[in-house]
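Worksheet for the structure shown next.
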Amino acid sequence: MITKPIPYGHQCITEEDIQAVIETLKSDYLTQGPKITEFERAFADYVGAKYAVAVNNATAGLHLGAVALGVKPGSKVIVTPLTFASSANCVRFCGGDVVFCDVDKDTYLLDLDKVEALLRKSPKGTYQGIIPVDFGGYPVNLEKLRHLADEYGLWIMEDACHAPGGYFMDTKGQKQLCGNGNYAEVAVFSFHPVKHIATGEGGMVTTNDKALYDKLCLYRTHGITKNPALLHQNDGGWYYEMIDLGYNYRLTDFQAALGVSQLKRASSGLDRRQQIAARYNEAFAQVSGIRTPFVAPDVYHAYHLYIIQVKDRLGLYNYLRENKIYAQVHYIPLHLMPYYSQFGYRKGDYPVVEEYYEHCLSLPMFPTLTDEEQAYVIEKVIEFVSK
Ligand SMILES: *Cc1c(COP(=O)(O)O)cnc(C)c1O
């Protein structure tokens, strides 16, 4: 019997998580204490990056990344339209121009052929950077994108909010974890409750570049430094200088404690997501009218989302709601947002993502979804599409 509504995503908080937060609340530090560095170190190790900077949410992390990468008025940055608003907004925060590009019809990631065609149309130097998204948990092949970026002098900021633990295989047969910093200058993760790791609000920026790391730390804390090498003078132990305009984008220590505790279950959570995806795939394989997610053999999908394509998406969405299953739509393409229309974007500009949007639906996908709940979701989906 299904007694409570089934959301599309849900955090998992254990007794151990709660104890970890309580311990930190009883400690000397609520913020800027030892849990932050512990979380940063553990997270950097988890995704295989050299440096990690904890922030109060991924939107702030994307903003910090854009600032550190030097986005300013006039900068042109290529962004996928199939993402949450912050992936593009971070460019706007710095006064830069967002240039959208269509997605691939199978992976729904930025279509590299179209990116290249866009780059070819203008003189080199026109574009400063590109922000790909590991959409739904599908890892972007950053090795390929790096070649293109190098040819045209772009930096890459990977929005890896959907994909901690996901990876693609490079041409040497090596695993390349999302956010490991081998191909992208900066990567950003979110710890919003629907994401893989929850800290309430929270995020992490990873990089392998020491200079970028220093900038990220500086701008996270007001542009203030106590680093003797950077000071113009030194009046004593209390002395600090604000050397640039920064922000307060810090995470609290009790959130970091929750993050450290959650991170211990990240791998098992991924395994469970894989299992759930496999079961959906199997159940829908023989059902006409449902397109299941495409996954190439050389990627390990992190399954933040499990997205199907159906003809009557609105009908299915409403039918599931009537049955207390809260499926969701990810995402309304960004170029169709009223805010972005002021830059001249119109319906029809990016046909692949628009077609995707007409038919997509994200089914419940989170590690604590029970087999019974999933069976019920499958039953209701098939019931509707078979009508
Ligand atoms: C969730 C999300 C964000 C924003 O994360 P917050 O931590 O809520 O600011 C950015 N990009 C993508 C792709 C996301 O899914």
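Throughout, read-outs are computed from the coordinates displayed, never taken from laboratory work. Just so it is clear, the model here is predicted, and its values are computed rather than measured. Cβ sites come from the backbone with ideal geometry, for glycine too, and all protein chains shown count toward neighbours.
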As a percent rounded to 5, the proportion of antiparallel DSSP bridges among beta bridges in region 45-149 is 10 percent
Across 5 Å bins beginning at 0, the whole-percent shares of Cα-Cα pair distances in region 5-46 come to 5, 17, 17, 21, 21, 8, 8, 3
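Given region 266-385, what whole percent of its Cα pairs are spread farther than 18 Å?
On the way: 4019 of 7140 pairs.
Cα-Cα pairs in region 266-385 separated by more than 18 Å: 56 percent.
Would you mind computing the Rg to Rh ratio of region 18-147 from its alpha-carbon coordinates, Kirkwood style for Rh? The partial results should precede the final answer.
Values: Rg = 18.0 Å, Rh = 16.9 Å.
Value, to two decimals: 1.06.
Highest mean first, how do 53-61, 366-374, 207-215 rank when packing is the count of other Cβ atoms within 10 Å averaged over residues?
On the way: 53-61: 26.0, 366-374: 15.7, 207-215: 17.9.
Ranked from most to least packed, the peptides come out as 53-61, 207-215, 366-374.
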Cα lying deepest toward the dipole's positive end in the chain, options Leu231, Met337, Ala85, charges on Cβ: Met337
Tilt relative to the chain, helix 34-47 - C-alpha long axis, 0 to 90 degrees, to 10: 50 degrees
Counting only DSSP beta bridges with both residues in region 15-263, what percent are antiparallel, rounded to the nearest 5? 55 percent
Could you please state, rounded to a whole Å, how far the C-alpha centre of region 197-224 is from the C-alpha centre of region 263-286? 31 Å
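Could you work out the relative contact order of the chain? I mean the mean sequence separation of Cα pairs under 8 Å and 6+ apart, divided by the number of residues, in percent. Show your work: numbers first, answer last.
Numbers: 803 pairs, mean separation 88.8, N = 387.
About 23 percent, as a whole number.
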Looking at region 269-361, which trypsin sites (Lys or Arg not before Pro) are in a loop (DSSP not H, G, I, E or B) and have at most 15 other Cβ atoms within 10 Å? Lys311, Lys324, Arg346, Lys347
When the distances between all Cα atoms of region 345-387 are binned every 10 Å from zero, what whole-number percent does each bin get? 22, 33, 25, 17, 2
What ranking, highest mean first, results for peptides 86-95, 40-49, 161-170, 16-25 when packing means the other Cβ atoms within 10 Å averaged over each residue? 161-170, 86-95, 40-49, 16-25
Return Trp155, Trp238 ranked ascending by Cβ neighbour count within 10 Å, so the fewest neighbours appear first. Trp238, Trp155
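What does the charge dipole of the chain about its Cα centre add up to, to the nearest 20 debye, if the Cβ of each Lys and Arg holds +1 and the Cβ of each Asp and Glu holds -1? If you can, show how the numbers build up before the last one.
On the way: 37 positive and 44 negative charges, 91 e Å.
Charge dipole, the chain, about its Cα centre: 440 debye, nearest 20.
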Past 18 Å, Cα to Cα: identify those pairs from Lys50/Lys195; Lys144/Lys195; Lys144/Lys215; Lys144/Lys172; Lys124/Lys210; Lys76/Lys124, in the order given. Lys50/Lys195; Lys144/Lys195; Lys144/Lys215; Lys124/Lys210
In 20 Å bins starting at 0, how do the alpha-carbon pair distances of the chain split up by percent? 27, 56, 15, 1
Mind computing the radius of gyration and Dmax over the alpha-carbon atoms of region 311-374? Å is fine for both. 15.1, 48
Quick check for me: using +1 on Lys/Arg Cβ and -1 on Asp/Glu Cβ, what's the dipole size of region 17-90 about its Cα centre, in debye to the nearest 20? 400 debye
